[in-house]
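Have a look at the structure below, then the notes.
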Amino acid sequence: MGAVLGLCSMASWIPCLCGSAPCLLCRCCPSGNNSTVTRLIYAFFMLVGVGIACIMLMPGMEEHLKKIPGFCEGGMGSSIPGVQGHVNCDVLVGYKAVYRVCFGMAMFFLLFSLIMVKVKSSQDPRAAVHNGFWFFKIVAATAITVGAFFIPEGPFTTVWFYIGMAGAFCFILIQLVLLIDFAHSWNESWVEKMEEGNSRCWYAALLSATTINYALSLVSLVLFYVYYTHSDGCTENKVFISINMLLCVGASVMSILPKIQESQPRSGLLQSSIVTLYTMYLTWSAMTNEPDRRCNPSLLGIIGLNSTTPAGQDRVVQWWDAQGIVGLILFLMCVLYSSIRNSSNTQVNKLTLTSDESALIEDGPAPENFEVGDDSNRAVDNEKDGVNYSYSFFHFMLFLASLYIMMTLTNWYRYVLM
């Protein structure tokens, strides 16, 4: 009897898998807006893909992956950018598998980006495809990803490597824009509360957050000079650290100039402090790709642990490093924030092709056709009069995000031997 009830329960979900985002989440989530629910589902798609890519790098997976036809033809990784012939391809199949998984995700989102060009409202038939038909989307994404594993090696890895670099660079810029938008919203919220009452408390909180960000940036700067530079070398690191430091100082000074304050009354040092801290992360991320180990010590070596391999043991590939973990965390935060953001920043909305009225629609009252009852947890279609964000740009951002996570998980195809 229990099995029959279980089958009936599963059968009741089938219409939801073929229906819209509100139907898909109506049984497990509180009420919300269709525009937000749909973006969260696509973000979940992305997170599942990232999880699968991480599984491809787990120890022991290479024994299964190298059985795939064409992955290790010739036995050596001669077609891999930056990898010399002495590295056996058997230990790099994890990287190649990540490239295939991310290729499937990227092509899925790029296809939807092209399909959703100039969708103006949920009345457009293409909006139904964007907000529904989830079962078919899962099947399509799975088929593209599985099919990617049967692409002949040839120049695929090399070409996709350079495409990934370009896409990842673009996503870093989008990541910076979203970070500035987050800082702007944070600063605006606390300034409003400071003006409404209890100004000393909120002023202290604002000052504390800004001070902590600048303190972390200063500590990072000192550590960079101590561990990533030497008096007789590491010139590139010295130049990058110094230039980025000067740019951060300049940005901080500009943020409090009278002209800037007239144009942006709510701008201040909080935004600059967050950008400064993010710049320190990007500087560190760049220096961790320095081939000279004297100018690029491992994190284990910095904290005093021995990261060398004992004599007589085979060297193995380290699939992760500290920079990759931090990059993965920032990536997840960026994707989730882009899925739930309701920005009132006009400049950011123009850049991300988001409606200026998005925040008003998101926070506004429920529409008249919202029925309370059995479907009280269903999401609301709040885009009948106009979409709150560009469907096409949102998918294109996830396309770039797929390339960014591909490069991050593979250390920009820089293997680390331990």
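The values are calculated or read from the model by the stated rules, or taken from the named source; none is laboratory data. As the structure is a prediction and not an experimental result, all values here were calculated from the model. Virtual Cβ from ideal backbone geometry, glycine too; neighbours counted across all protein chains shown. To get the accessible areas, we keep the full protein, side chains included, count just its heavy atoms, and leave off ligands, DNA and RNA. Shrake-Rupley method; radii C 1.70, N 1.55, O 1.52, S 1.80 Å.
Give the calculated FRET efficiency between Ser199 and Tyr162 to the nearest 0.05, with a Förster radius of 51 Å applied to their Cβ-Cβ distance.
0.45
Show which lysines lie in cross-link reach of Lys120 when reach means a straight Cα distance below 30 angstrom and same-chain residues fewer than eight apart are skipped.
Lys137, Lys350, Lys384
7 Å from Cα along Cα→Cβ at both Phe169 and Met58: what's the point-to-point distance in nm?
3.6
Just reorder Tyr227, Tyr389 by solvent-accessible area, largest first, 1.4 Å probe, all chains present. Don't skip to the end; give the middle numbers.
Working: Tyr227 85, Tyr389 10 Å².
Heavy-atom accessible area, descending, gives Tyr227, Tyr389.
Could you give each residue of segment 168-181 its phi-based ³J(HN,Hα) in whole Hz, using Karplus coefficients 6.51, -1.76, 1.60 with θ = phi - 60°, and x for Gly or Pro?
Coupling constants for segment 168-181: 5, 4, 5, 5, 4, 5, 5, 4, 5, 4, 5, 5, 5, 4 Hz.
Enumerate the calculated ³J(HN,Hα) couplings along segment 138-146 in order (Karplus 6.51 cos²θ - 1.76 cosθ + 1.60, θ = phi - 60°), each rounded to whole Hz, writing x wherever the residue is Gly or Pro.
Per-residue couplings from phi come out as 4, 5, 5, 4, 5, 5, 5, 5, 5 Hz.
Measuring from a point 7 Å past the Cα of Asn289 along Cα-to-C-beta, which residues in segment 218-250 have an amide N at less than 19 Å?
Residues passing the 19 Å test: 228-229, 234-245.
Once the mean 1/r over all distinct Cα pairs of segment 169-267 is inverted, what Kirkwood radius in angstroms do you read off?
Result for segment 169-267, one decimal place: 16.0 Å.
7 Å from Cα along Cα→Cβ at both Phe133 and Val239: what's the point-to-point distance in nm?
5.1
How would you order 100-111, 44-55 from highest to lowest mean count of nearby Cβ atoms within 10 Å?
100-111, 44-55
Once phi is turned into ³J(HN,Hα) by the Karplus curve 6.51 cos²θ - 1.76 cosθ + 1.60 with θ = phi - 60°, what whole-Hz value does each residue of segment 272-285 show in order, with x for glycine and proline?
Result, ordered by residue: 5, 5, 5, 5, 4, 5, 5, 5, 5, 5, 5, 5, 5, 4 Hz.
Identify all lysines with a Cα-Cα distance to Lys67 below 20 Å; exclude those on the same chain that are fewer than 8 residues away in sequence.
Cross-link targets: Lys96.
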